[in-house]
Structures are given as C-alpha cells and as structure tokens.
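Q: Encoded as structure tokens, here's the structure I'll be asking about.
The numbers here are math on the coordinates, done by the rules we state, and not lab data. These numbers come from a predicted model, not from an experiment. Every residue, glycine among them, receives a Cβ derived from its backbone with ideal geometry; neighbour counts consider all protein chains shown.
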Amino acid sequence: MEIIGAWIVFSLLAGHVAGRKGRSAGLWFLLSLLLSPLLGLIAILILPDAKPVASPQTREWVAPAVPASLPAPDHMRTIGALADLRDRGAITPDEYEAKKSDLLARV
C-alpha cells in the first residue's frame, strides 16, 4: 500500500516540476503514473524550460514600433492588423483603442 502511495506522490511531484517548467502538469503526471515516476522526473529535469505562454492576466503587449511619418494607408493597415490581434484575443479592446487613437492622432 505504501508503494502505491509513494508512486502517486512522486508522479504528482513530476507533474508539479513539469508545470513549473512551463509544460503540461497533468500530462506529465499521467505519463509518470503510467510509466514510472522516476522516469518522468528524469525526463522533465532533462528537458529545457518551455517557452512561457502568457495568460490573459499576466500578458504584457508591446505595440510594434510605428514610425511617425507613415502615410495614412500604412496607418490603416496597422489599425487593421491591430483589429485582427484584438479579434484573436492577443490584445484587449482597451489596448486596441489606445493604439488606434495614437495612430489616428499622427495622421
């Protein structure tokens, strides 16, 4: 019984370490649970950190550099690209409106 408990605890540990390294904690927990917690821990410790994925709460969006001397059609193209980012959820509507106002003020 203690072996099963230790197996589950170390599988949870592998999942936790995976989550801290930017990987799927649940997937690594299941993998470790099915195969071996030791193999799971070794594999996740060897793998490099995953690229961080920004959550909506921690996302910081940096506006692309737009030269002040762009003609109006380029401003419109940039506003269109910003609207696409807003529609895909990459930026908030407030960020979109702020950048759009900034671009229109330059025209």
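Q: Count the net charge of all other residues whose Cβ sits under 15 Å from the Cβ of Asp74, scoring Lys and Arg as +1 and Asp and Glu as -1. Walk me through the intermediate numbers first.
A: Values: positive: Arg77, Lys99, Lys100, Arg106; negative: Asp102.
Spelling it out: positives minus negatives among the neighbours equals +3.
Q: Tally Lys and Arg at +1 and Asp and Glu at -1 over the other residues with C-beta under 13 Å from the C-beta of Val17: what net charge comes out?
A: Local net charge: +2.
Q: Further question on the same structure: Counting only C-alpha contacts under 8 Å and six or more residues apart, can you give the relative contact order of the stretch 2-46 as a whole percent?
A: Reported as a whole number, the value is 40 percent.
Q: Would you calculate the separation in nanometres between label points at Leu30 and Val9, each defined as 7 Å from the Cα along the Cα-to-beta-carbon direction?
A: About 2.5 nm, to one decimal.
Q: Let me ask something else about it. Whole-Hz Karplus ³J(HN,Hα) for the stretch 85-101, in order, using 6.51 cos²θ - 1.76 cosθ + 1.60 and θ = phi - 60°, x for Gly and Pro?
A: 4, 5, 5, 7, x, 6, 10, 7, x, 5, 5, 4, 5, 5, 5, 4, 4
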